[in-house]
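Derivation of every value follows stated rules applied to the coordinates shown; laboratory data play no part. These figures come from a predicted structure and were not determined experimentally. Every residue, glycine among them, receives a Cβ derived from its backbone with ideal geometry; neighbour counts consider all protein chains shown.
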Amino acid sequence: MKTSSITCRRDFLKASVLGGLAAAGGPFARLWASQHPSPAAPGSRVALTHGHDRADNVLRGLREFGRQIAASIGNRRVVIKPNNVSTQVQLASTHADFLEGILEFLKSIGKLRDAAIAESAGTGPTLEAFSNFGYDRLAEKYGARLVDLDGEKTETVHVFDERDMRPHPVKMSRLLLDRESFVVSAAKMKTHDRVVATLSLKNVVFGAPVKDPGFRWGKGCEPGAVTQKPIAHGGGIYGINYNLFCLARRLRPDLAVIDGYDGMDGNGPCGGAAVDHRVCVVSPDWLAADRVALELMGIDFAKVGYLNYCADAGMGQADLKRIEVVGEPVARHVRPYQLHKNVEKQLVWMTPPQRS
């Protein structure tokens, strides 16, 4: 297993020097951004589709970028990352029909060869999720590979923990970290219990930490089997937002495809209620896609810490005035999502604690 530290490791150490937990909030992210300048984010295009056929929604959205996507893929392997935070709850997980729209598009541009659907499911065995959600049928129909990231090669990456202000090692999927992979985030439009909303970036970042074979939440977990995912969550609201921001440098999607056909509001990402929305958001600029998705969900962008940090660092376009939305007008399809019952606690990132 190869061991390395992400570029941000030195920033974890700098955080403790700068004075404790206060450094984990917004000001630290802005300091990091000022010391690692990115070019100003250019204007971006986002496709918004609406209709009564999930697969057709995504197919129409992807066609808006056909030539651009084909050129970006080039000779890279295509890795489609679904959201299988649950192995049992379909509403919380990427639907097979949504994946079929993506695969049909890849076929149409000649980029289906060696395409993989790859995941490390959150609550139990990944292959169990694939079977429960009907991915086996897709793999057979399109010749796509089903990849359980828990059984693949890993790389050790260091993440931040707000409880001790130190970096901690996490085993993460080498396939998702490898820039020779063209990563498609096949995300769900959902509220969240820690970061307000989970969309295309979070789907990839927290799918990358792996777990041992035999691990499952609750009863039935094999003795000694563990998951790396909680470590990446950073020990609290400050830590999870910072880690999402910092890991985005290596785990950002190359293409964001967000399914809002039936979104989830309330107590997401697993226990919320269905929202009959019937929309799909597509963009090669993942931040622009997540920004438009938030608008469609009626969620104030200022409340989502990790996306604000990424915008501060110029990782994509988050200014709606500089995002060209093609297809459907956003205003026509806004459906206010009820936020998680603990949302006020999630907003602590906006006011870092004072140094003692």
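Annotation: amide H-H contacts under 5 Å for residue 275 (H modelled 1.01 Å from N, sequence separation of 5 or more, or interchain): 263, 264, 265. Based on Cα atoms of the stretch 2-348, Rg over Rh with Rh as the Kirkwood radius reads 0.94.
Note on the stretch 160-293: Cα Rg divided by 2.2 N^0.38 Å, N the number of residues, gives 1.09. Rounded to the nearest 20 debye, the dipole magnitude of the chain is 800 debye, with +1 charges on Lys and Arg beta carbons, -1 on Asp and Glu beta carbons, and the Cα centre as origin. A cut-off of 5 Å between modelled amide H atoms, ignoring neighbours fewer than 5 places along the same chain, links residue 317 with 287, 288. When you count the other C-beta atoms within 10 angstrom of each residue and take the mean per peptide, 93-99, 296-302 line up highest first as 93-99, 296-302. Of the DSSP H helices in the chain, those that are both long (alpha-carbon extent of 20 Å or more along the helix axis) and hydrophobic (Kyte-Doolittle mean at least -1.0) are 237-251. The charge dipole of the stretch 271-335, taken about its Cα centre with unit charges on the Cβ of Lys, Arg, Asp and Glu (plus for the first two, minus for the last two), comes to roughly 140 debye. Calculated on C-alpha atoms, the gyration radius of the stretch 45-176 divided by its Kirkwood radius gives an Rg/Rh of 1.02.
From the square roots a ≥ b ≥ c of the eigenvalues of the alpha-carbon gyration tensor of the stretch 294-356, which class results: rounded (a/c under 1.5), prolate (a/b over b/c), or oblate? Oblate. For the chain, DSSP calls about 50 percent of its internal beta bridges antiparallel. Below 8 Å between Cα atoms, with a sequence gap of 6+, how large is the relative contact order for the stretch 2-348 in percent? After rounding, I find 24 percent.
Kindly give the semi-axes, whole Å and largest first, of the ellipsoid equivalent to the stretch 281-325, taking each as the square root of 5 times a Cα gyration tensor eigenvalue.
Values for the stretch 281-325, descending: 14, 13, 9 Å.
Round to a whole angstrom and tell me the spacing of the C-alpha centers of the stretch 214-250 and the stretch 114-160. Using only Cα atoms to place each centre, the spacing works out to 17 Å.
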